[in-house]
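Only the coordinates and a few stated rules stand behind these numbers; no lab work does. These numbers come from a predicted model, not from an experiment. All Cβ positions, even for glycine, are placed from backbone atoms using ideal geometry, and neighbour counts span all protein chains on display.
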Amino acid sequence: MNIPKSTKHAIWGAVGGAVAAMVIGFSWGGWITDGAAANMQITVAQTAVVQAFTPLCVVKAEQQPEQINLMLELSRYQRDDFVIEAGWIDNVSEQYRSGVADACAGSIVAGTG
């Protein structure tokens with residue numbers, strides 16, 4: 001089967017254009033794969049949970065000012081463990097406790113500074 005030369009050029013041009021469109025789309029156009037979208041969705045959901053429970057933790061902490069003073073004496077890296085041990089985030093699922101404790105301690109420190 002003989003294909004005219006102009007048709008071959010048109011087909012190769014279309015293939016090259018498709019490849020160029022994909023490269024530009026994924027690198028500059030903001031296109032993402034399904035896996036990347038799923039990872040972003042998980043991250044956003046975890047952030048939302050942390051943001052939702054942090055104010056509740058701060059309110060519980062404010063009811064115990066003596067505990068806040070003890071927490072402020074600790075290093076930044078020990079404060080999240082202190083928040084967990086103080087029971088300020090008992091209502092938070094285990095998988096989110098570390099993030100909520102860190103955000104809660106940071107909020108308390110920022111509020112007392």
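Pick out the long, greasy-scoring helices in the chain: whole DSSP H runs spanning 20 Å or more along their own axis by Cα, mean Kyte-Doolittle at least -0.5.
Membrane-span-like by this criterion, though nothing is claimed about a membrane: 5-27, 34-62, 97-112.
222 nm [θ] for the chain, helices only, -39500 (n - 2.57) per DSSP H run of 4+, per residue, to 500?
Only helices count here, giving -26000 deg cm²/dmol.
Which net charge results when you count Lys and Arg as +1 and Asp and Glu as -1 among the other residues whose beta-carbon is under 15 Å from that of L70?
Numbers: positive: K60, R76, R79; negative: E62, E66, E73, D80, D81, E85.
Neighbour charge sum, excluding L70 itself: -3.
Going by C-beta contacts inside 10 Å, put Y96, Y77 in order with the fewest on the left.
Starting with the residue having the fewest Cβ neighbours, the order is Y77, Y96.
Give me the Å³ per residue figure for the convex hull around the C-alpha atoms of the chain.
Cα convex hull per residue, to the nearest whole number: 146 Å³.
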